[in-house]
Amino acid sequence: MSLSLKGKRGLVLGIANRHSIAYGCAKVMAEMGAELCITYLNEKSKPYVEPLAEELGAKLLLPCDVSVDGELEAVFHEMEKQWGTLDFAIHSIAWSPLEELHGRLVDSSSAGFSKAMDISCHSFVRMAKQCQRLMPDGGTLLTMSYEGAEKVVDHYNLMGPIKSALDSCARYLASELGEQQIRVHSISPGPMPTRAASGIDHFDELMEDATSRSPLHRLGTLEDIGSLAAFLVSDLAKTQTGNRIFVDAGRHLIG
């Protein structure tokens, strides 16, 4: 059995530009034959995402700000109208107020913490709920984690506990949705120069440390992450669910 996504249809949330992890996943999956629905955050971001959607041959390009009531649901209603069913969905969204991200966790505000948790974590749960009715014969849900979910990483601050919650949600969803043959995984790349990562203090130092201390002495690439994502949504991984999988050249092994 070869690795092919022909005949599969999927949603990709979180493309901001061609440096996005979500774009890396979408690119590999499109090359393997998948039909894609791609979203953009708002009208300001659309000019950056639309050319990428055209390049990838995306069948659907829709607005989706998960913090706006009804927008995520509208995406699923349109996919249901156009496609009827869905085979996979990729959640690659993370956000925090900068003042919260740059400060100590102990100083975080309730409002800032709650909004970051809702956008970065609970939106994955809401996505899973929407996927249920479009995956009557099963499917795959993926989200993006980070090493800071299980270890203290300097300057990751507020996002550490949020990514930890996201990992836990993925495990619980894998258990709850297994009867419907919906598989759920979190992927944990190492530090990468994405737009979301640019808000983390001293991020260049974090990438240098990861390169020097990882056993393979390199960083993961967008293609590396996309290739793993493609495998996980393919029929080759039909008995795998509930995993947290690293794509970080082994950096997580080193304390």
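Against the list (1) touching a Leu at 6+ places or on another chain (Cβ under 7 Å); (2) in a helix (DSSP H, G or I); (3) of a type outside the set (Phe, Trp, Tyr); (4) within 28 Å of Val233 (Cα to Cα), the condition Ser164 fails is (1). Here Val66 passes the criteria (1) within 24 Å of His122 (Cβ to Cβ); (2) touching a residue at least 12 places away in the same chain (Cβ under 8 Å); (3) out of contact with any Ser or Thr (no Cβ under 7 Å at 6 or more places or on another chain); (4) assigned to a loop (DSSP other than H, G, I, E, B) except the one numbered (3). Can you go through Lys46, Lys27 and tell me which one is in contact (Cβ under 8 Å) with a residue 60 or more places away in the chain and basic (Lys, Arg)? Criteria check complete, one pass: Lys27.
The residues on offer are Arg133, Arg126, and the sole one that is in a helix (DSSP H, G or I), touching a residue at least 40 places away in the same chain (Cβ under 8 Å) and loosely packed, with under 14 Cβ neighbours inside 10 Å is Arg133.
Do we have Leu61 as under 17 Å from the mean Cα position of the chain (by Cα), of a type outside the set (Gly, Ala, Ser) and surrounded by 13 or more Cβ atoms within 10 Å (Cβ to Cβ) here?
Criteria not met by Leu61.
Take the residues of the range 44-96 that are among the polar types (S, T, N, Q) and at pLDDT 95 or above: which is nearest to Met159 (Cα to Cα)?
Ranking the qualifying residues of the range 44-96, first place goes to Ser92.
Looking across the range 144-167, just one residue is within 22 Å of Val12 (Cα to Cα) and modelled with pLDDT under 90, and that is Tyr146.
Does Leu5 meet the test of being in contact with a strand residue (DSSP E or B) (Cβ under 9 Å, 6 or more places away or on another chain), assigned to a loop (DSSP other than H, G, I, E, B) and farther than 24 Å from Asp118 by Cβ? Give the derivation first.
Working: in contact with a strand residue (DSSP E or B) (Cβ under 9 Å, 6 or more places away or on another chain): yes; assigned to a loop (DSSP other than H, G, I, E, B): yes; farther than 24 Å from Asp118 by Cβ: yes.
Answer is yes for this residue.
Exactly one residue out of Ser227, Ser234 is buried (at least 21 other Cβ atoms within 10 Å of the Cβ) and modelled with pLDDT of 95 or more, and it is Ser234. Residues of the range 97-110 that are in contact with a helix residue (DSSP H, G or I) (Cβ under 9 Å, 6 or more places away or on another chain), without any contact (Cβ under 8 Å) to a residue 24 or more places away in the chain and part of a helix (DSSP H, G or I): Glu99, Asp107. Taking the criterion of being out of contact with any helix residue (DSSP H, G or I) (no Cβ under 8 Å at 6 or more places or on another chain), of a type outside the set (A, V, I, L, M) and crowded, with 16+ Cβ neighbours inside 10 Å, the residues of the range 21-58 that qualify are Glu35, Ser45, Tyr48.
The values are calculated or read from the model by the stated rules, or taken from the named source; none is laboratory data. The model shown is predicted, which means the values in this text are computed figures rather than measured ones. Ideal geometry is used to build each Cβ from the backbone, glycine not excepted, and the neighbour counts take in all protein chains shown.
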